Structures are given as C-alpha cells and as structure tokens.
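K.L.:
Dropping the structure in here first, questions after.
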Amino acid sequence: MSIHEQAGQPVPPELRVDIPALISSYYGQTPDVYRPGEQVSFGTSGHRGTSNTSFNEHHILAVAQAICDYRRQNRITGPIYLGKDTHALSEPAFRSVLEVLTGNRLTVNVDENLGFTPTPVVSHAILTWNRQHDDKADGIIITPSHNPPDNGGIKYNPPSGGPADTGITAWIAERANAILDGNMSRVRRIPYSAALRSSDVQFIDYISAYVDDLETILDLDAIRSAGLSLCADALGGSGIAYWQPIAERYHLNIEERNGHYDPSFQFMTLDHDGKIRMDCSSPYAMAGLLSLKDQYDIAFGNDPDFDRHGIVTRQSGLLNPNHYLSVAVWYLFQNRPQWHKDVKVGKTLVSSSMIDRVAGHLGREVKEVPVGFKWFVDDLLDGTCGFSGEESAGASFLRKDGSVWTTDKDGFILALLSAEIMAKTDKDPGDIYQDLTREFGAPMYARIESPANAEQKSRMKQLSPDAITEKELAGDPIENILTRAPGNDAPIGGLKVVTRNGWFAARPSGTEDINKIYMESFKGETHLQQLKQDAEHIIANALAKAPGLSVKF
C-alpha cells in the first residue's frame with residue numbers, strides 16, 4: 001500500500017469539502033435507478049455514497065419507506081430509535097428519514113436536543129427497550145462510519161439491535177429501488193416542521209441511559225482509583241456530548257480533544273492515501289493524538305459513529321487493532337468470573353491468528369465468521385460469545401454478569417477497557433501484547449488494496465477453491481482453502497488460503513471501490529513479503545481465468 005506524501009499532515013485548504021455544494025447536490029440530484037452506481041446498495045453495513053450519485057434525498061426517502069414497509073410486513077410495532085453522526089450529509093438525511101417515519105405514523109425516538117447519537121447507543125437503547133416490552137423496537141443510524149466528509153450513509157438495525165443481516169438488507173434495497181423506479185409515488189412523508197410537532201416523535205435522553213449503564217460492563221471504580229490520566233479524541237464524531245458526562249458520572253480524569261462539531265473535519269490529518277478519513281486505527285489519521293501520547297497514561301480515539309476504537313499508549317503509540325483485540329481477549333476471559341465457562345471468542349476470518357492462540361491457551365473456543373459485525377449479532381444476543389471483534393477496530397463484549405450489552409460495535413467500551421486493563425494490571429496494553437508474542441509468537445500482519453469496479457469486485461467475491469492450483473504458499477504446504485467461514489458456514493465473499501505459518505484472504509470491500517488482500521505471517525518480515533508476493537500471484541492467476549479481467553495490487 002503506497003503512502004501519500006502528505007499522509008499524517010494537516011488538511012490543506014484545497015481538500016476541504018464544500019459543504020453548501022454537498023447539501024445542494026443532496027436535494028438537487030435525481031438518481032437514475034437503471035445505473036448500478038445510482039441504485040440503493042447495502043454493503044458490509046448499510047448503504048453509503050456521495051450526493052453526486054448515490055446518496056441524495058430520493059435514495060434516503062426510498063430507503064426509509066422500504067424500512068417502514070419491512071416493519072409493517074414483519075409486525076415490528078415498537079418505537080424506532082433514530083440516530084445520526086456528524087457528517088455533513090447526515091443532517092439532511094436525518095430530516096428526510098424523520099419525514100418518512102412520521103408520515104408512516106411510527107413512534108420515533110430521537111435525541112432530546114436533536115443532537116448526535118452514536119451507533120452503540122442506538123443498539124443499547126433497542127435492547128434495553130426490548131428486554132422490557134413485547135412490542136419490539138428497532139433503529140436507524142445515519143452514518144457512513146469513518147469514510148471521508150463528502151460521504152453519507154444509512155444503516156438499519158432490526159430488533160436484534162445489531163446490523164441487519166444480508167436477507168433483510170437485500171429486501172430493503174430491492175424495495176427501495178422499486179420505489180425509486182416508481183417515481184417515489186409510494187413514499188409517505190410529512191414536512192419536517194410538522195414531524196417535529198408530531199406526537200409520534202419522542203425526545204429522549206439517550207446520554208444518561210447509556211452513561212449510567214456503563215458500570216454494568218466496566219470496572220470504572222478501578223479506573224477512578226488508579227487515577228489514570230486519560231485523553232478521549234472524539235475526532236468530531238457523534239460521541240462529542242458523551243465523554244464529559246462519563247467523566248463526571250464516574251469521576252474519571254478524561255480530557256477531551258476535538259470535541260466540537262465540524263462537518264468538514266478540517267482538524268484531521270490526512271490518511272495514508274492523502275484523503276480525509278476519520279479512521280481511528282490509522283496512525284496517519286491519528287497523527288494529532290499520537291503527538292500527545294506522552295502526556296497521558298492512555299489515550300483513545302473513535303470514528304464518527306463511535307463504533308470503532310483506536311488505543312494510544314506512551315510506550316507503544318497507536319496499537320494495531322489486531323494486537324489490542326488479542327489483549328482484550330486475554331484480559332476479559334480472565335477478569336469476568338461471572339461469564340459462563342463455555343462462552344466463546346468471536347473473530348472474523350481476516351483477524352489475527354494471535355486471537356486463536358490466546359483463546360486456545362485460555363481454553364476457549366473461537367468462532368470464526370465472515371467480515372461484517374452482523375455475523376456476531378446472535379452470539380452476543382444469547383451470550384454464546386463473550387467477546388466479538390473484527391480486524392477493522394470494532395468490537396463488543398458482554399456485561400460483567402454475562403448478559404448482552406450491545407449487538408453492534410462499541411468504541412466507548414473498548415476505549416474505556418484499555419484504561420481498566422491498565423488500572424487492574426498496572427501494564428500498558430501494548431506491553432501485554434509483547435508478553436503474548438513471547439509466549440505465542442510474533443505475527444506480522446499486512447493488507448494491500450487495489451481499485452476495483454463493480455465487475456472486478458464481483459469476480460473477486462466469486463473466487464472458488466477450484467481456481468487455486470498452487471500447492472504451496474510462501475514455502476509452506478497449503479493446508480486449507482476456505483470460501484465459507486468455519487464458525488457458521490456462511491460464504492466469506494472471497495477466499496482464504498491457510499498454511500501452518502501464515503495465511504492470506506482476498507475479498508472485495510463492502511464500503512469502497514477496492515479489492516483487498518489481507519495476510520499474516522508467524523515467521524517474520526521476510527516470510528511476510530514472500531507471502532505477499534505469492535498471494536498476489538495466486539490471486540492474479542485465479543482472476544486471469546475470468547476472460548477480460550485483470551486486477552493489479
């Protein structure tokens with residue numbers, strides 16, 4: 001992966017987003033439903049796009065109406081929780097969704113101040129309601145996650161509280177595209193001003209409900225007693241109104257950074273490719289916080305909808321997401337005595353095998369699933385998995401008593417867990433990871449990307465074991481070629497090739513126009529580079545069998 005010459009540097013004026021033009025396009029553009037790039041299409045988590053082509057008012061009205069139709073068909077009669085992040089397109093999309101939900105006479109719960117609501121807070125609210133009521137609730141979050149400032153996104157969380165599965169999102173996308181094709185005639189909506197006055201809209205205190213419950217999942221007394229100096233970099237995201245109440249409620253020493261609303265995100269530093277991207281797992285996007293690491297015991301950042309985390313320590317800097325997930329598993333399964341002895345560890349196919357080795361040492365079974373947090377929902381809901389995490393710095397885990405907390409990723413609890421770990425062990429989580437490498441080996445992990453159009457992504461997704469004729473990978477015999485996840489037998493949307501000392505996995509991105517190859521070696525840098533070369537060669541050979549298609553990484 002090439003690094004842009006301005007990566008890690010402040011955003012130059014010429015890259016700042018023209019917010020008025022962005023909003024104008026949202027209301028002014030009309031999609032052509034017969035163009036694939038202008039249709040509603042749900043990726044790994046939600047429908048995303050820009051207001052020039054794939055995320056404008058018609059798209060959002062159609063998606064919102066399709067969700068109303070889905071609720072009606074499936075007899076979901078409780079309130080619908082509505083949240084939004086701080087991207088510029090989130091506010092107009094929020095207004096469009098509210099117009100449709102109230103036009104369909106649904107009870108809609110929104111923030112009492114019409115403020116921002118993080119993804120995990122919506123999941124927590126859905127599950128809290130559903131524990132106490134027969135009429136089940138669900139939710140919608142307006143967010144494109146960590147994507148650039150000109151992006152918009154919308155995702156649906158059914159009554160399970162987590163991301164909708166592919167069956168649900170396929171139904172919603174098909175219905176939404178039919179609505180677009182019908183010139184929006186099926187959309188029921190009322191004006192935004194009328195929606196706000198409607199008795200169907202309930203203004204609720206999301207913040208207190210979430211913050212007051214944190215003591216059921218974290219040892220906040222230990223953090224307070226340790227007197228740790230903490231920094232929370234909100235990256236201008238939807239959690240900007242949450243860190244101060246958390247600090248005050250639990251008497252924690254938390255200093256907030258970038259806790260202001262700026263939809264241009266011009267306070268960021270550029271990511272690896274020279275784009276503005278609020279990726280809290282990227283050392284380039286997190287360069288500002290990294291420069292301050294020596295001032296705090298632990299610092300952490302979150303993406304705009306607060307479902308991801310980035311952990312920064314004095315000794316280790318920004319922890320690799322896989323490293324921190326391994327430490328979290330090591331710590332939680334030794335410090336949650338009320339968890340059942342059979343509770344498993346959930347991980348995605350492209351997460352580090354260090355997690356497997358740690359779990360095996362602890363006597364815990366690993367459940368390996370495809371990429372996408374939706375695959376963890378049921379296992380968190382029923383307590384089958386105590387911890388579930390993915391390589392892109394998203395995870396959640398059970399409450400201290402072993403019951404469900406959220407069924408969506410929660411950046412708050414993973415950030416605060418790093419402080420709990422330090423408070424209880426008196427060790428930097430990065431130092432703990434080094435201890436793990438001395439016991440289980442030191443894996444080296446890498447990811448490469450290639451621009452890909454819809455056809456190239458489709459071919460990558462459809463690769464089969466039969467297309468792989470090679471017998472070795474980086475000098476080791478190939479032991480397994482997976483196209484279905486061993487944990488739930490679901491298609492992985494690509495393939496994974498495994499040896500004793502390493503693996504690679506190839507798949508299309510669910511959110512961007514790229515193909516990806518992930519890889520990991522337990523034999524060092526030289527072996528990783530050989531693995532990279534062999535993986536590129538193997539994939540190129542497999543794709544070359546598809547006439548007219550070539551992909552260069």
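The values are calculated or read from the model by the stated rules, or taken from the named source; none is laboratory data. Quantities reported herein were computed from a predicted structural model and do not represent experimental measurements. So basically every Cβ, Gly included, is an ideal-geometry build from the backbone, and we count neighbours across all protein chains shown. To get the accessible areas, we keep the full protein, side chains included, count just its heavy atoms, and leave off ligands, DNA and RNA. Shrake-Rupley method; radii C 1.70, N 1.55, O 1.52, S 1.80 Å.
K.L.:
Would you mind stating whether residue 90 is at pLDDT 95 or above, closer than 22 Å to residue 23 by Cα and hydroxyl-bearing (Ser, Thr, Tyr)?
P.N.:
Numbers: at pLDDT 95 or above: yes; closer than 22 Å to residue 23 by Cα: yes; hydroxyl-bearing (Ser, Thr, Tyr): yes.
Yes; evaluated as a whole, the condition is true for this residue.
K.L.:
For segment 369-389, what are the residues that are within 22 Å of residue 510 (Cα to Cα), touching a Phe, Trp or Tyr at 6+ places or on another chain (Cβ under 6 Å) and of a type outside the set (A, V, I, L, M, F, W, C)?
P.N.:
Listed by number, the list holds a single entry, 388.
K.L.:
Please enumerate the residues belonging to segment 407-451 that are in contact with a strand residue (DSSP E or B) (Cβ under 8 Å, 6 or more places away or on another chain), among the β-branched types (Val, Ile, Thr) and closer than 24 Å to residue 385 by Cβ.
P.N.:
Within segment 407-451, 407, 413 meet the criteria.
K.L.:
Within segment 34-42, is there a residue that is open to solvent by less than 50 Å² (accessible area, probe 1.4 Å), at pLDDT 95 or above and among the β-branched types (Val, Ile, Thr)?
P.N.:
Yes, segment 34-42 contains at least one residue that is open to solvent by less than 50 Å² (accessible area, probe 1.4 Å), at pLDDT 95 or above and among the β-branched types (Val, Ile, Thr).
K.L.:
Pairs please, first residue from segment 440-454 and more than 16 Å from residue 505 (Cβ to Cβ), second anywhere and assigned to a strand (DSSP E or B), Cβ atoms under 8 Å, 6+ apart in sequence or on different chains.
P.N.:
Short answer, once both residue conditions are applied: 451/514.
K.L.:
Taking the stated definitions as given, is residue 105 modelled with pLDDT of 95 or more, more than 22 Å from residue 38 (Cα to Cα), open to solvent by less than 10 Å² (accessible area, probe 1.4 Å) and of a type outside the set (Phe, Trp, Tyr)?
P.N.:
Numbers: modelled with pLDDT of 95 or more: yes; more than 22 Å from residue 38 (Cα to Cα): yes; open to solvent by less than 10 Å² (accessible area, probe 1.4 Å): no; of a type outside the set (Phe, Trp, Tyr): yes.
Here the answer is no, as residue 105 does not meet what is asked.
K.L.:
Among 126, 154, which is the only one that is touching a Ser or Thr at 6+ places or on another chain (Cβ under 9 Å) and without any contact (Cβ under 8 Å) to a residue 60 or more places away in the chain?
P.N.:
Values: 154 fails: without any contact (Cβ under 8 Å) to a residue 60 or more places away in the chain.
From the options 126, 154, the qualifying one is 126.
K.L.:
Which residues, taken from segment 337-389, are open to solvent by 50 Å² or more (accessible area, probe 1.4 Å), within 16 Å of residue 123 (Cβ to Cβ) and not hydrophobic (A, V, I, L, M, F, W, C)?
P.N.:
Across segment 337-389, the qualifying residues are 378, 382.
K.L.:
So which residues in segment 45-67 are in contact (Cβ under 8 Å) with a residue 60 or more places away in the chain, crowded, with 22+ Cβ neighbours inside 10 Å and of a type outside the set (A, V, I, L, M)?
P.N.:
Kept after step one, since they are in contact (Cβ under 8 Å) with a residue 60 or more places away in the chain, are these residues of segment 45-67: 45-51, 55, 58-67.
Then drop every residue that is not crowded, with 22+ Cβ neighbours inside 10 Å, which leaves 45-49, 51, 55, 58-67.
If the condition is that a residue be in contact (Cβ under 8 Å) with a residue 60 or more places away in the chain, crowded, with 22+ Cβ neighbours inside 10 Å and of a type outside the set (A, V, I, L, M), then 45, 46, 47, 48, 49, 51, 55, 58, 59, 65 are the ones that fit.
K.L.:
Let me ask something additional. Can you tell me which residue among 513, 489, 466 is more than 27 Å from the chain's Cα centre (by Cα) and surrounded by fewer than 18 Cβ atoms within 10 Å (Cβ to Cβ)?
P.N.:
Numbers: 513 fails: more than 27 Å from the chain's Cα centre (by Cα); 489 fails: more than 27 Å from the chain's Cα centre (by Cα).
Answer to the selection: 466.
K.L.:
Answer yes if at least one residue in segment 536-543 is within 28 Å of residue 35 (Cβ to Cβ) and either surrounded by 14 or more Cβ atoms within 10 Å (Cβ to Cβ) or free of Cβ contacts under 8 Å to residues at least 24 places away in the same chain (or both), and no otherwise.
P.N.:
Step one: of segment 536-543, the residues within 28 Å of residue 35 (Cβ to Cβ) are 543.
Filter again for either surrounded by 14 or more Cβ atoms within 10 Å (Cβ to Cβ) or free of Cβ contacts under 8 Å to residues at least 24 places away in the same chain (or both), leaving 543.
Among the residues of segment 536-543, at least one is within 28 Å of residue 35 (Cβ to Cβ) and either surrounded by 14 or more Cβ atoms within 10 Å (Cβ to Cβ) or free of Cβ contacts under 8 Å to residues at least 24 places away in the same chain (or both), which makes the answer yes.
K.L.:
When segment 315-339 is examined, which residues are found to be of a type outside the set (Gly, Ala, Ser) and either outside any helix (DSSP H, G or I) or over 28 Å from residue 233 (Cβ atoms) (or both)?
P.N.:
Kept after step one, since they are of a type outside the set (Gly, Ala, Ser), are these residues of segment 315-339: 315, 318-325, 327, 329-339.
If the condition is that a residue be of a type outside the set (Gly, Ala, Ser) and either outside any helix (DSSP H, G or I) or over 28 Å from residue 233 (Cβ atoms) (or both), then 315, 318, 319, 320, 333, 334, 336, 337, 338, 339 are the ones that fit.
K.L.:
Further question: For segment 201-214, check the following and say yes or no: at least one residue is open to solvent by less than 10 Å² (accessible area, probe 1.4 Å) and either in a loop (DSSP other than H, G, I, E, B) or more than 28 Å from residue 88 (Cβ to Cβ) (or both).
P.N.:
yes
K.L.:
Given the options 257, 197, name the one that is more than 20 Å from residue 423 (Cα to Cα) and out of contact with any Asp or Glu (no Cβ under 9 Å at 6 or more places or on another chain).
P.N.:
Values: 257 fails: out of contact with any Asp or Glu (no Cβ under 9 Å at 6 or more places or on another chain).
After ruling out the rest, the residue left standing is 197.
K.L.:
Here's a follow-up. Restricting attention to segment 161-184, which residues are small (Gly, Ala, Ser) and within 17 Å of the chain's Cα centre (by Cα)? Walk me through how you get there before you give the answer.
P.N.:
Of segment 161-184, the ones small (Gly, Ala, Ser) are 161-162, 164, 167, 170, 173, 176, 178, 182.
Of everything in segment 161-184, those that are small (Gly, Ala, Ser) and within 17 Å of the chain's Cα centre (by Cα) turn out to be 161, 162, 164.
K.L.:
Here is a list: 152, 162. Which entry is closer than 12 Å to residue 406 by Cα, crowded, with 24+ Cβ neighbours inside 10 Å and not polar (S, T, N, Q)?
P.N.:
On the way: 152 fails: closer than 12 Å to residue 406 by Cα.
Result of the check over 152, 162: 162.
K.L.:
May I pose another question? Among 259, 274, 239, which is within 19 Å of the chain's Cα centre (by Cα), more than 25 Å from residue 426 (Cβ to Cβ) and at pLDDT 95 or above? Please lay out each step first, then the result.
P.N.:
Values: 259 fails: within 19 Å of the chain's Cα centre (by Cα); 274 fails: within 19 Å of the chain's Cα centre (by Cα).
Only one candidate passes the filter, namely 239.
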